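What follows is a set of notes on a single structure, which appears directly below.
The values are calculated or read from the model by the stated rules, or taken from the named source; none is laboratory data. Not measured: the values here are computed from a predicted model. So basically every Cβ, Gly included, is an ideal-geometry build from the backbone, and we count neighbours across all protein chains shown. Note: accessible area is taken over every heavy atom of the protein model, side chains too, but ligands, DNA and RNA are not part of it. Shrake-Rupley method; radii C 1.70, N 1.55, O 1.52, S 1.80 Å.
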Amino acid sequence: MFAYEFMTNAFAAAGIVAVVSGLVGYFLVMRGQTFAGHALSHIGFAGATGAGLIGLAPLWGLLAFTLAAGIVMGVLSERISNRDVAIGVVLALALGFGLLFLHYYTSFATQATALLFGNVLAVDHTMIATLAMLGVITLAALAAIMRPLIFASLQPELAEAKGVPLRFVSTAFLAIVALAVSACAQIVGVLLVFTLMVGPPAAAQRVTTGLWSGLFVSALLALAEAWLGLTMAFYTDWPVSFCIALLSALAYFATLSAGTSHAHAAG
Amino acid sequence: MSVVTLDHVTLRIGTRKVLADVSFNIEAGEFIGVLGPNGAGKTTLMRAILGLLGPESGSVKVFGLKPHRGNPVIGYLPQLRTVLPDLRVRGRDFIASSLNGERWGLPSVNQHDRGMIEETLDAVGARDLAARPLSDMSGGERQRLLLAQALIGSPKLLLLDEPLISLDARHQEVVIDVVHKVCRERKITVLFSAHELNQLLGTLDRVLYLGSGQAVLGPVDEVVTAPVLSRLYGTDIQVLRTDGHIFVMSRGRDVERTDHLHDHGHGHGHEHGHEHHH
């Protein structure tokens, strides 16, 4: 399977994105903001199609829109990022705009499936380099704010009293999520970012309650799901994103049922 | 020595005046019960002491200084609203996150920090608890853990915002006893806000009663009286005393108890952590 360059490229790209998604997603789950992450990816869709309309690579439109939306969400309010209805409306609007942009740029329509569901097998060296750079920036930013981010996520009132700038931290975090979403969408598409950004960390939180172990398991799970998904797709000819989504769901529900039976056993 | 001094202080949230022209002085080592109806400004007062809310007029002094965020001499236990139901973070990690949590960079806990955490966990009898995730704890266990956290760094002033809420009577007593014991040993001044006066009667030195924008600080016998409380509640209040208990009644209804039950209805309760497993 590794005799094909498109497969080695796919493994490299999926590997980078999986680790970034698993790590950033861990905090998304911890903060209960998974829906905000989902919304950012949909808003990114409008950006990606919009970029196509003006002749830019979709990734840049995706980046610009998710970043802008993440920052706006963070600045508008500490809490708006948790308001499902407001986010849902914006999300739907963004998808609508994405459709409008596609409508005016019809030759771009073949790209729509790739944007929505990912196209990791078409990744080239330039894309890998871009994703690696994006990954490094994302993780560096995450590392810079990790300590106050954890404090603010777990105990916002106390963190505020201790001098943590809550709004800045939450805005910076959503910007980081935006970067991760943009990278993630290159692999599994905007509709399936949950499979790498939410599935693995949610499963990790069921298996371990430690912070570092949780981050480690989350990244490892995401990586395993991405690479196994690729392998599975190679031998079955099913779409890669489907395979990753399937593995992600299986892992999550496996940890969920394991956790439940454990709790029952413990009384 | 004065620990908290308010001098003609007016606090406002948006357009609502929460406290108007309030003055009082809390001395070192006092255990103050902070009481009053919902919305009377118990949390707001604590936020002012923490430096999160500046007074519109008048002056707030904490240990003689203007309040400022991140004051290391204050330990704070906020009223719990935001614990995510599915939060699977180990108690010890939860506490550790608050240590120097305002600094940038990666989280890290050194030997000294670890020692401080263990020491306060022991002080409130929560060492075994800390290995479990928060989502598996009962309300009482969680409050003990958070109390340990508030004590880290040897604060001189402890602000406890409704630490008894959603606890059953037995756990309420445990929390009060632990606070009382630790704070007396360490000579910590305590502001303990609560809905019900009776559990605190044996413990508190003075009571700070808030209501209708006013505040009255003094011994229970002078503050919890029909004339004072009628003024604070803005309605006709009777105070009944029967051996060791005080009942604050409005038109035959127990004011504190109905307040308390009302708050129960908002789903703060986590008495049984296992309900969150699916």
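What the table shows:
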quantity: Qualifying residue in the range B:48-71 (condition: among the charged types (D, E, K, R), in contact (Cβ under 8 Å) with a residue 40 or more places away in the chain, surrounded by 20 or more Cβ atoms within 10 Å (Cβ to Cβ) and more than 9 Å from chain A (Cβ to nearest Cβ)); calculated: no
quantity: Checklist (1) at positive phi; (2) in contact (Cβ under 8 Å) with a residue 12 or more places away in the chain applied to B:Ala20, failing item; calculated: (1)
quantity: Which listed residue is away from chain B (no Cβ under 14 Å) and open to solvent by less than 10 Å² (accessible area, probe 1.4 Å), from A:Ala64, A:Ala86, A:Ala51, A:Ala69; calculated: A:Ala51
quantity: Leading residue by the ranking (farthest from the other protein chains (Cβ to nearest Cβ)) among those in the range A:110-150 that are open to solvent by 70 Å² or more (accessible area, probe 1.4 Å) and under 24 Å from A:Leu95 (Cα atoms); calculated: A:Thr110
quantity: Total residues in the range B:201-224, condition among the β-branched types (Val, Ile, Thr) and under 22 Å from B:Gly39 (Cβ atoms); calculated: 4
quantity: Single unsatisfied condition, A:Phe35 versus (1) under 14 Å from A:Val181 (Cα atoms); (2) modelled with pLDDT under 85; calculated: (2)
quantity: Among residues of the range B:145-197, those that are assigned to a loop (DSSP other than H, G, I, E, B) and under 19 Å from B:Asn38 (Cα atoms), counted; calculated: 11
quantity: Selected residue (criterion: surrounded by the most Cβ atoms within 10 Å (Cβ to Cβ)) from residues of the range A:191-216 that are within 12 Å of A:Gly37 (Cα to Cα) and aliphatic (A, V, I, L, M); calculated: A:Leu196
quantity: The range A:157-175 - residue that is open to solvent by 20 Å² or more (accessible area, probe 1.4 Å) and facing chain B (nearest Cβ under 7 Å) and, of those, farthest from B:Gly101 (Cα to Cα); calculated: A:Glu157
quantity: Index of the failed condition, B:His68 passing every other in (1) within 19 Å of B:Thr5 (Cβ to Cβ); (2) out of contact with any Gly (no Cβ under 6 Å at 6 or more places or on another chain); (3) not polar (S, T, N, Q); calculated: (2)
quantity: Positions within the range B:18-30 being surrounded by 22 or more Cβ atoms within 10 Å (Cβ to Cβ) and under 14 Å from B:Phe192 (Cα atoms), in sequence order; calculated: B:Ile26
quantity: Subset of the range B:224-266 [among the aliphatic types (A, V, I, L, M) and modelled with pLDDT under 85]; calculated: B:Val255, B:Leu261
quantity: Members of the range A:131-155 that are at pLDDT below 95 and of a type in the set (Val, Ile, Thr); calculated: A:Ile150
quantity: Failed item in (1) touching a strand residue (DSSP E or B) at 6+ places or on another chain (Cβ under 9 Å); (2) more than 14 Å from chain B (Cβ to nearest Cβ), with A:Ser182 passing the rest; calculated: (1)
quantity: Some residue of the range B:90-99 being open to solvent by 60 Å² or more (accessible area, probe 1.4 Å), of a type outside the set (Ser, Thr, Tyr) and more than 23 Å from B:Ile49 (Cβ to Cβ); calculated: yes
quantity: Qualifying residues in the range B:72-81 (those that are closer than 29 Å to B:His195 by Cβ and assigned to a loop (DSSP other than H, G, I, E, B)) - the one most open to solvent (accessible area, probe 1.4 Å); calculated: B:Arg81
quantity: Count - residues of the range B:175-205 that are farther than 21 Å from B:Ser138 by Cβ and of a type in the set (Asp, Glu); calculated: 2
quantity: Tally, over the range A:1-35, of residues that are away from every other protein chain (no Cβ under 14 Å), assigned to a helix (DSSP H, G or I) and either touching a Cys at 6+ places or on another chain (Cβ under 6 Å) or touching a residue at least 24 places away in the same chain (Cβ under 8 Å) (or both); calculated: 18
quantity: Subset of the range A:208-234 that is in a helix (DSSP H, G or I) and facing chain B (nearest Cβ under 9 Å) - its residue that is nearest to B:Ile95 (Cα to Cα); calculated: A:Leu211
quantity: Positions within the range B:35-47 being within 22 Å of B:Arg253 (Cβ to Cβ) and either more than 16 Å from the chain's Cα centre (by Cα) or open to solvent by less than 40 Å² (accessible area, probe 1.4 Å) (or both), in sequence order; calculated: B:Leu35, B:Gly36, B:Pro37, B:Ala40, B:Lys42
quantity: Residues being under 27 Å from B:Arg170 (Cβ atoms), crowded, with 16+ Cβ neighbours inside 10 Å and in contact (Cβ under 8 Å) with a residue 12 or more places away in the chain - total across the range B:100-147; calculated: 24
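Residues are listed down the side, and each one gets a yes or a no for (1) over 13 Å from the mean Cα position of the chain (by Cα); (2) closer than 20 Å to B:Leu99 by Cα; (3) buried (at least 23 other Cβ atoms within 10 Å of the Cβ):
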{"site": "B:Ala150", "(1), (2), (3)": "no, yes, yes"}
{"site": "B:Lys156", "(1), (2), (3)": "yes, yes, no"}
{"site": "B:Arg170", "(1), (2), (3)": "yes, no, no"}
{"site": "B:Val178", "(1), (2), (3)": "yes, no, no"}
{"site": "B:Ser193", "(1), (2), (3)": "no, no, yes"}
{"site": "B:Leu197", "(1), (2), (3)": "yes, no, no"}
